[in-house]
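The values are calculated or read from the model by the stated rules, or taken from the named source; none is laboratory data. Bear in mind the structure is a predicted one, so any value in this text is a computation, not a measurement. Here the Cβ positions follow ideal geometry from the backbone for every residue, glycine too, while neighbour counts run over all protein chains shown. All accessible areas refer to the heavy atoms of the entire protein, side chains included, with ligands and DNA or RNA removed. Shrake-Rupley method; radii C 1.70, N 1.55, O 1.52, S 1.80 Å.
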Amino acid sequence: MKALLCTRLGEPDDLSLAEIADPVPGPGEAVVRITLAALNFFDTLIIAGRYQVKPDLPFSPGGEASGVVEALGPDTAGFSVGERVIVHQKFGTVRERIAVATHHLTPIPDGVSDEQAAGLTITYGTSLHALRDRAKLQPGETLAVLGASGGVGLAAVELGAIMGAHVIACASSPDKLAVARAHGATQGVDYGADNLREALRTLTEGRGVDVIYDPIGGDYAEPALRSLGWKGRYLVIGFAAGDIPRIPLNLALLKGIDIQGVHWGVFVEREPEAHAGNQRQLLAWVAEGRLTAKVHGVYPLAEYAEALGILKRREAVGKVLLRL
Ligand SMILES: NC(=O)c1ccc[n+]([C@@H]2O[C@H](COP(=O)([O-])OP(=O)(O)OC[C@H]3O[C@@H](n4cnc5c(N)ncnc54)[C@H](OP(=O)(O)O)[C@@H]3O)[C@@H](O)[C@H]2O)c1
């Protein structure tokens, strides 16, 4: 079978396609025929050895995918051959077949396409966990989302709108803000042109924001934190801008602010039932047409370097998928 392999750490061009042996399902495992593998920002880090997960070489990148159960090992209750499923695990999905423990699978209900399902879990899972489980976002509250047209950012915009919040999208260009408005944001800040803190103060008439969703960090973090209102919640999601900011803690004291860390990958392992509940909620909202699960583009496997390049160049608006 065909597999995308990282045989030495480096750039997308250093990856290669290879023929490898088909997997056999062990106890508690299923073999899934992968239809579409979804790429994430962290796939550009894991192949370069710059991510917290460091697989032994060679390995295949890819943390999520949609596919069909092709074979079941012993002790695999709850799944059947031919069933459409989502596969979610730290890496390994960019290959034609994968043997995976069934607790890494989620059934795909009718009304949800393979394209929508392939890239739903990590970005929408992270944002639902952050907004509902961590920040306990309430209807009518103000939510400001940084990196609002990126993977987790756009998911946070859509989920914030579904949860009845007043969503302010923050991004680096008018085009990106237009995408976020088309997915539920009611106002926008172009931090490529405007001062983030002043703009948020003006948009909230000085009251401040209730919840900040921050996947980029860097120079944006402190002005965003200073834009919170009384008892605001600051969600620490990621550092796409590169630097991990150092924040003066008196800022948290002055307004009774909660700085809330979000580590979705560990949440999934430590609270599998809560994760499964969030997955079912997300799939139901997609099936009802309330969540778009936007796809940036579907690329043939041979175009893996271009697909990963789009993520590295900050051009992704929605999910980047590879067809196996
Ligand atoms: N905490 C968790 O559990 C968790 C889960 C998933 C992802 N993450 C993290 O969240 C961050 C965003 O992930 P993603 O999948 O949404 O990535 P993405 O689709 O590439 O979006 C990143 C956004 O960040 C902004 N950005 C600012 N500076 C950037 C830079 N130097 N390079 C690239 N983008 C930059 C861009 O928006 P503008 O151009 O508008 O600024 C871009 O749209 C990553 O750090 C990722 O590791 C964390």
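Can you pull the one-decimal nm distance between simple spin-label points at Leu251 and Thr202, each 7 Å off the Cα toward Cβ?
Distance between label points: 2.1 nm.
Do you know the relative contact order of the chain, to the nearest whole percent, from alpha carbon pairs under 8 angstrom that are 6+ apart? Please list the in-between numbers first.
On the way: 734 pairs, mean separation 56.3, N = 324.
This gives 17 percent for the chain.
Too long at a 18 Å Cα-Cα cut-off: which of Lys294/Lys319; Lys176/Lys319; Lys176/Lys312; Lys90/Lys176; Lys176/Lys294; Lys2/Lys319?
As for pairs spanning more than 18 Å Cα to Cα, those are Lys90/Lys176; Lys2/Lys319.
Over the heavy atoms of Phe239, what accessible area does a 1.4 Å probe trace out, to the nearest 10 Å²?
Estimated to the nearest 10 Å², Phe239 gives 90 Å².
Need one value: the accessible area of Val320 in square angstrom, 1.4 angstrom probe, rounded to the nearest 10.
0 Å²
Any chance you could check the Cα centroid distance between the range 270-293 and the range 213-251 for me, in angstrom?
Between the Cα centre of the range 270-293 and that of the range 213-251, the gap is 27 Å.
Please give the solvent-accessible surface of Trp285 in Å², to the nearest 10, using a probe radius of 1.4 Å with every protein chain present.
Trp285 has an accessible surface of roughly 30 Å² with all protein chains in place.
222 nm [θ] for the chain, helices only, -39500 (n - 2.57) per DSSP H run of 4+, per residue, to 500? Working shown, then result.
Values: 11 runs with 90 residues, N = 324.
It lands at -7500 deg cm²/dmol.
By how many nm would the segment from Asp110 to Ile259 lengthen if fully extended, with 0.36 nm per residue of separation less the alpha-carbon distance? Provide the component values of the computation, followed by the final result.
Values: separation 149, 0.36 × 149 = 53.64 nm, distance 3.87 nm.
Length gained between Asp110 and Ile259: 49.8 nm.
What number comes out for the charge environment of Ala302, summing +1 per Lys or Arg and -1 per Asp or Glu over other residues with Cβ under 15 Å away? Walk me through the intermediate numbers first.
Details: positive: Lys2, Arg95, Arg323; negative: Asp13, Glu19, Glu96, Glu303, Glu306.
Taking every Cβ under 15 Å from that of Ala302, the sum is -2.
Which value in Å is the Kirkwood Rh of the chain over different Cα pairs?
On the way: mean 1/r = 0.0495 Å⁻¹.
It works out to 20.2 Å.
When the chain is modelled as a GNM with alpha-carbon springs shorter than 10 Å, which of Pro215, Pro23, Pro74 fluctuates the most?
Judging by the Gaussian network model, the answer is Pro74.
Could you check how much of the accessible area of the range 47-179 is carbon and sulfur, as a whole percent, using a 1.4 Å probe? Write out the running numbers ahead of the final one.
Working: 2460 of 4620 Å².
That fraction is 53 percent.
For the chain, take the longest principal axis of its alpha carbons; what is the angle in degrees between that and the long axis of helix 272-287, to the nearest 10 within 0 to 90?
Roughly 80 degrees between the two axes.
Could I have the simple spin-label model distance between Arg270 and Ala21, label points 7 Å from Cα toward Cβ, reported in nm to one decimal?
3.8 nm
Accessible area per residue, 1.4 Å probe, Å², for the range 180-324: what's the number?
On the way: 7300 Å² over 145 residues.
Accessible area per residue: 50 Å².
Starting from the eigenvalues of the Cα gyration tensor, five times each then square-rooted, give me the equivalent ellipsoid semi-axes of the range 1-138, largest first, whole Å. Don't skip to the end; give the middle numbers.
On the way: eigenvalues 111, 100, 33 Å².
Each semi-axis is √(5λ); the values are 24, 22, 13 Å.
Under 18 Å from the Cα of Lys231, which aspartates and glutamates turn up, not counting those fewer than eight places away in the same chain?
Asp133, Glu141, Glu205, Asp210, Asp214, Glu222, Asp258
So how much slack lies between Asp175 and Gln281, counting 0.36 nm per residue of separation and subtracting their Cα-Cα distance, in nm? Provide the component values of the computation, followed by the final result.
Numbers: separation 106, 0.36 × 106 = 38.16 nm, distance 2.99 nm.
This chain segment gains 35.2 nm when fully extended.
With 18 Å as the cut-off, how large is the P(r) tail for the range 192-296, expressed as percent of Cα-Cα pairs? Mind showing how you got there, number by number?
Working: 3343 of 5460 pairs.
So the pairs more than 18 Å apart make up 61 percent of the total in the range 192-296.
Could you run the Debye sum over the Cα atoms of the range 123-265, one equal point scatterer each and no solvent, and tell me log10 of I(q)/I(0) at q = 0.16, 0.19 Å⁻¹, two decimals?
Here log10 of I(q) over I(0) equals -0.72, -1.07.
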